[in-house]
Amino acid sequence: MPVYENEAFIVMREVQAVAVPAGVPVTLQPGQAGYITQALGGSFTLYIEGNLFRLAGAEADAIGKEVMLPPELPPNATEDDVRELAWQQMRTCFDPEIPVNIVDLGLIYECTVSVNDDGTRHVDVKMTLTAPGCGMGEILVQDVREKIEMIPTVREAAVELVFDPPWSQSMMSDVARLQTGMM
């Protein structure tokens with residue numbers, strides 16, 4: 001993915017975004033200008049008039065960027081293939097304030113795949129947050145759900161937010177600790 005950090009942009013059409021860290025939906029208006037502070041996993045963190053906003057990758061064209069393409073599965077994919085692709089999709093989910101994916105942050109506790117009667121799949125995910133009161137919690141849950149449900153054959157992704165065990169920095173991968181300066 002191209003690097004967009006600190007790149008200026010102008011909103012080209014009315015578009016829904018989310019205020020960071022409050023998690024409150026807002027509508028950005030055409031002509032508003034700002035800077036991209038983070039562009040990871042297909043979504044964008046935008047700085048506009050002293051505030052941060054998260055713009056979903058599906059709305060990237062509103063700031064002149066490419067929309068992220070959906071993932072692909074090989075023919076006759078197994079549940080293991082779907083599970084692996086679900087983990088890959090979750091690695092494209094980022095907290096708008098932390099430039100590390102939620103898998104390396106240690107926020108994903110479980111991911112299971114089951115087959116429905118009609119041959120489609122159901123994916124169950126248990127995840128947590130770095131802090132229970134995080135205003136972006138539901139936004140991250142929605143991001144995980146939407147990215148997993150993009151996988152061919154997945155009918156539904158159930159994402160449960162849990163706080164037991166509580167998250168700690170020890171759950172981060174070495175890469176995440178190095179990237180955040182916590183190593």
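The values are calculated or read from the model by the stated rules, or taken from the named source; none is laboratory data. The model shown is predicted, which means the values in this text are computed figures rather than measured ones. Backbone-built Cβ (ideal geometry, glycine too); neighbour counts: all protein chains shown. To get the accessible areas, we keep the full protein, side chains included, count just its heavy atoms, and leave off ligands, DNA and RNA. Shrake-Rupley method; radii C 1.70, N 1.55, O 1.52, S 1.80 Å.
With (1) within 25 Å of F163 (Cβ to Cβ); (2) open to solvent by 60 Å² or more (accessible area, probe 1.4 Å); (3) touching a residue at least 12 places away in the same chain (Cβ under 8 Å) as the list, and P25 as the residue in question, which single condition is left unmet?
Single failed check for P25: (3).
Among the residues of segment 19-43, which ones are within 13 Å of I139 (Cβ to Cβ) and touching a Leu at 6+ places or on another chain (Cβ under 8 Å)?
A19, V20, P21, S43
From D95, D143, grab the single residue that is among the acidic types (D, E), open to solvent by less than 50 Å² (accessible area, probe 1.4 Å) and in contact (Cβ under 8 Å) with a residue 60 or more places away in the chain.
It is D143.
What are the residues in segment 147-160 that are open to solvent by 50 Å² or more (accessible area, probe 1.4 Å) and either polar (S, T, N, Q) or without any contact (Cβ under 8 Å) to a residue 40 or more places away in the chain (or both), if any?
The answer is E149, T153, R155, E156, E160.
What strands (runs of 3 or more DSSP E), lying completely within segment 30-78, carry at least 2 residues that are of a type in the set (G, A, S), without any contact (Cβ under 8 Å) to a residue 60 or more places away in the chain and over 16 Å from K147 (Cα atoms)? So that I can check it myself, show each step before the final result.
Numbers: elements: 33-40, 43-48, 51-55.
Counting at least 2 such residues, we get 33-40.
Any chance you could count how many residues in segment 172-183 are open to solvent by less than 90 Å² (accessible area, probe 1.4 Å) and either at pLDDT 95 or above or in a loop (DSSP other than H, G, I, E, B) (or both)?
The total comes to 4.
Are any residues in segment 109-120 closer than 15 Å to V162 by Cα, in contact (Cβ under 8 Å) with a residue 24 or more places away in the chain and either of a type outside the set (S, T, Y) or open to solvent by less than 60 Å² (accessible area, probe 1.4 Å) (or both), and if so, which ones? I'd like the intermediate steps shown before the answer.
From segment 109-120, those closer than 15 Å to V162 by Cα are 109-111; that's our starting set.
If we keep only those that are in contact (Cβ under 8 Å) with a residue 24 or more places away in the chain as well, we get 109, 111.
Result: C111, single match.
Could you figure out which of (1) of a type in the set (S, T, Y); (2) buried (at least 20 other Cβ atoms within 10 Å of the Cβ); (3) more than 14 Å from the chain's Cα centre (by Cα) isn't true of T45?
Among (1) of a type in the set (S, T, Y); (2) buried (at least 20 other Cβ atoms within 10 Å of the Cβ); (3) more than 14 Å from the chain's Cα centre (by Cα), the lone unmet condition for T45 is (3).
So, in segment 121-140, exactly how many residues are out of contact with any helix residue (DSSP H, G or I) (no Cβ under 7 Å at 6 or more places or on another chain) and under 19 Å from V82 (Cα atoms)?
Count: 3.
Scan E72, E84 and give me the residue that is out of contact with any helix residue (DSSP H, G or I) (no Cβ under 9 Å at 6 or more places or on another chain) and either under 22 Å from P152 (Cβ atoms) or among the β-branched types (V, I, T) (or both).
Exactly one of E72, E84 is out of contact with any helix residue (DSSP H, G or I) (no Cβ under 9 Å at 6 or more places or on another chain) and either under 22 Å from P152 (Cβ atoms) or among the β-branched types (V, I, T) (or both), namely E84.
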